[in-house]
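Single-structure report; data block below.
What follows is calculated from the coordinates using simple rules that are stated; it is not laboratory data. Here the structure is a predicted model, which is why all the values come from computation and not from measurement. Cβ atoms come from the backbone with ideal geometry, glycine included; neighbour counts cover every protein chain shown.
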Amino acid sequence: MTTTRGLRSIAGEEPITMLTAYDAPTASIIEEAGIDVILVGDSMGNAVLGYDSTIPVTMDDVASRTGAVARATEDTLVVADLPFLSFGADEAESIHNAGRLLKEEGADAVKIESGDHTVALTEALVDVGIPVMGHLGLTPQHVNELGYARQGTDREAAESIIELAEAHEAAGAFALVLEHVPANLAAAITDRLEIPTIGIGAGPACDGQVLVITDVLGLDDWSPSFSEQFGDVGAAIHDAVAAYRDAVTAGEFPADEHSYVEEDLEGVADVGGEKSSGDK
């Protein structure tokens, strides 16, 4: 079973693998494939809930899907995202929301999009027994401020990210996601930190990698340049649905093997006598 402590122990020894999941069947497949960490990301907003960003995702959305993933897995570390405005404004509410994902839904840890305002919160969460994964670089919950542009591209911005990474490690974070930052910046942060870094669009030097499952499976019409489609599940689903449609319209499904006839009900159509002239 993967734990936060175990994740730290393998950092630098072997690459850490992480994927997002938002439902039980997908989570079960991911675990069977041997992935170390499942992130129940607020990326569900774009990936499965039909939103244009992660901003509308609610605590109830994340809680429901975290429970589904946790119930479908035994050995994989399940990390749940804290969605927009569920943390950072009030410390007590932030702790309550994070604790709910562990206590009620079965998550092993939470991830928070990090900044100056989350250093003290990280320490507070860890102090009450809630493991925290930080997230620096491109933080999609700040899309209205930053857009989706690469972060840390000048010296001042890079130094700020390095300082925040070190601050969150000191506050007790067990791992750190680095998203859409220059590969050499991610390499420098990975070299400085003792906790593992997990990259997404951050180059190969991180201790691990994470991608959104719909990008990996080829279920999206568009995916970011730093992702890769490792299968064309979308085409397979389309073919299966089209085959079902054709079988139904051709009268080929359901066939005899899909139905059951109860012999004791032979002649049941005659029960009750003939229909009246008003029946349809």
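Details
- When exposed loop sites are taken as chymotrypsin sites (Phe, Trp or Tyr not before Pro) in a DSSP loop with at most 13 other Cβ atoms within 10 Å, the longest stretch of the chain clear of them is 1-147.
- You can think of it this way: the chain between D256 and A240 has 3.7 nm of extra reach, that is 0.36 nm per residue less the Cα-Cα gap.
- Protection-proxy order for peptides 203-213, 10-20, each taking the mean of Cβ atoms within 10 Å per residue, highest first: 203-213, 10-20
- Estimated dipole of segment 4-227 in Debye, rounded to 20 [Cβ of Lys and Arg +1, of Asp and Glu -1, Cα centre]: 160
- Per DSSP, loop GluC sites (Glu not before Pro) in segment 79-170 with at most 12 further Cβ within 10 Å: E104
- Each helix, a run of at least 4 DSSP H residues, gives -39500 (n - 2.57); summed and divided by the residues of the chain, these come to -11000 deg cm²/dmol at 222 nm.
- Taking every alpha-carbon pair under 8 Å whose residues sit at least 6 apart, segment 156-280 reaches a relative contact order of 13 percent.
- Kyte-Doolittle mean at least 0.5, axial Cα span of 15 Å or more - DSSP H helices of the chain: 233-249
- For segment 34-110, averaging the sequence separation of C-alpha pairs within contact (under 8 Å, six or more residues apart) and dividing by the residue count gives a relative contact order of 34 percent.
- Cα principal axis extents for segment 96-136, largest first, Å: 29, 18, 13
- Signed unit charges on C-beta, dipole axis of the chain, positive-most listed residue L211, G147, T20: G147
- Across segment 54-139, Cα-Cα pairs more than 19 Å apart make up 32 percent of the total.
- For segment 4-227: rounded, prolate or oblate by the Cα gyration tensor [a/c cutoff 1.5]: rounded
- Here segment 8-87 and segment 245-270 have alpha carbon centers that stand 41 Å from each other.
- Using C-alpha pairs under 8 Å with a sequence gap of at least 6, the mean separation divided by the residue count of the chain gives a relative contact order of 15 percent.
- Using Cβ point charges alone (K and R +1, D and E -1), the dipole size of segment 1-134 about the Cα centre works out to roughly 140 debye.
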